[in-house]
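The values are calculated or read from the model by the stated rules, or taken from the named source; none is laboratory data. These figures come from a predicted structure and were not determined experimentally. Cβ sites come from the backbone with ideal geometry, for glycine too, and all protein chains shown count toward neighbours. For accessibility, only protein heavy atoms count, side chains too; no ligands or nucleic acids. Shrake-Rupley method; radii C 1.70, N 1.55, O 1.52, S 1.80 Å.
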Amino acid sequence: MCGGYVRQTPPKEYARLFRARGDFDLEPGYNVAPSQEVLVARNNETGERELALLRWGLIPPWAKDLKVGYSTINAREETVATKPMFRSAFKRRRCLVACDGFYEWSVANGKQPYYIHMADDAPFGFAGLHEHWEG
């Protein structure tokens, strides 16, 4: 997935879809981008599924600078379990990112975005990881 997606469904509907607790007063985002807050469903410390707002860009606990998150917006399926940057979060802190569609770019005839979404326009979630970082 590239660096932009759409979240227009109300958070209450994502809570129902993901069977999660919580609701947010959140405006739709038609071009949610790295470093912005994203709506996710995750398991909290007690194992209960909840909605949460997290900043897009994984910052590992050992990072000294917030800027690391700008380069860690996507993890590759082939290496997410083994790369030190993602390994711990992959084992323990997974989430679903609330989404209605995302953008992919074609450079065949100049740079052109394509909007990828469900055929019935239903909301969905894509896989995410989260960490706790104190800078």
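Checking the structure you have, find out if any residue of segment 37-54 is hydroxyl-bearing (Ser, Thr, Tyr), open to solvent by 40 Å² or more (accessible area, probe 1.4 Å) and at pLDDT below 90. So far as segment 37-54 goes, no, none of its residues is hydroxyl-bearing (Ser, Thr, Tyr), open to solvent by 40 Å² or more (accessible area, probe 1.4 Å) and at pLDDT below 90. Tallying residues that are over 17 Å from Gly128 (Cβ atoms) and among the hydroxyl-bearing types (Ser, Thr, Tyr) within segment 1-46 yields 2. Yes or no: segment 93-116 includes at least one residue that is modelled with pLDDT under 70 and open to solvent by less than 50 Å² (accessible area, probe 1.4 Å). No; the residues of segment 93-116 include none that is modelled with pLDDT under 70 and open to solvent by less than 50 Å² (accessible area, probe 1.4 Å). For segment 4-23, give me each residue that is out of contact with any Gly (no Cβ under 8 Å at 6 or more places or on another chain) and open to solvent by 40 Å² or more (accessible area, probe 1.4 Å). Within segment 4-23, Pro10, Lys12, Glu13, Arg16, Arg19, Arg21, Gly22, Asp23 meet the criteria.
Conditions tested, residue by residue: (1) within 17 Å of Arg94 (Cβ to Cβ); (2) touching a strand residue (DSSP E or B) at 6+ places or on another chain (Cβ under 9 Å).
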residue: Tyr5; (1), (2): no, yes
residue: Pro10; (1), (2): no, no
residue: Arg16; (1), (2): no, no
residue: Ala20; (1), (2): yes, yes
residue: Glu27; (1), (2): no, no
residue: Glu37; (1), (2): no, yes
